[in-house]
Amino acid sequence: MNLYAKVVKHRLFWPTAALVVLLVGNFIASPSFFAVTLREGHLYGSLIDILRFGAPLILVALGMTLVIATGGIDLSVGSVVAISGAIAC
């Protein structure tokens, strides 16, 4: 099996390819989406806003990943995550 076939059959190839296609399409439609500016010591731009508003969800997801990885998932964990996520947002 050649390298091309191995790469295409990898389970992360198609999601990565779809993400790249979406980013290239977004760059063609709106080049300013990727613009990040520095004003008065702070970063501004669409990508920075996405990271800023996604941070609470990322923190909840990291905590939930650790709970699932250790096998400690039950209904009480899900309810705490839901309430914490709602409060954080």
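The values are calculated or read from the model by the stated rules, or taken from the named source; none is laboratory data. Bear in mind the structure is a predicted one, so any value in this text is a computation, not a measurement. Glycine also receives a Cβ, built like all others from the backbone with ideal geometry; neighbour counts cover every protein chain displayed. These accessible areas exclude ligands, DNA and RNA; they are computed on the full protein's heavy atoms, side chains included. Shrake-Rupley method; radii C 1.70, N 1.55, O 1.52, S 1.80 Å.
Quick one: dipole size for the chain, taken about the Cα centre, charges +1 on Lys/Arg Cβ and -1 on Asp/Glu Cβ, in debye to the nearest 20.
Using Cβ point charges on Lys, Arg, Asp and Glu, the chain gives about 360 debye.
The relative contact order of the chain comes to 16 percent, based on Cα pairs under 8 Å that sit 6 or more residues apart.
Since only V77, L57, V7 are under comparison, the one whose Cα sits farthest along the positive direction of the charge dipole of the chain, derived from C-beta charges on Lys, Arg, Asp and Glu, is V7.
Counting only heavy atoms of the protein chains and using a 1.4 Å probe, F34 has close to 70 Å² of accessible surface. Only protein heavy atoms count here; on that basis, with a 1.4 Å probe, L22 has an accessible area of about 120 Å². Per atom type, the stretch 5-89 shows carbon and sulfur on 75% of its accessible surface, probed at 1.4 Å.
Based on protein heavy atoms only, the chain ends up with 83 Å² per residue of surface accessible to a 1.4 Å probe.
Go ahead and set up a Gaussian network model of the chain, Cα springs under 10 Å, then flag whichever of L38, L57, L47 fluctuates most. It is L38. Which helices count as membrane-span-like in the chain under these terms: full DSSP H, at least 27 Å along the axis by C-alpha, Kyte-Doolittle mean of 1.6 or more? Span-like helices in the chain: 46-69. Surface calculation, 1.4 Å probe, protein heavy atoms: Y44 sits at approximately 90 Å² accessible.
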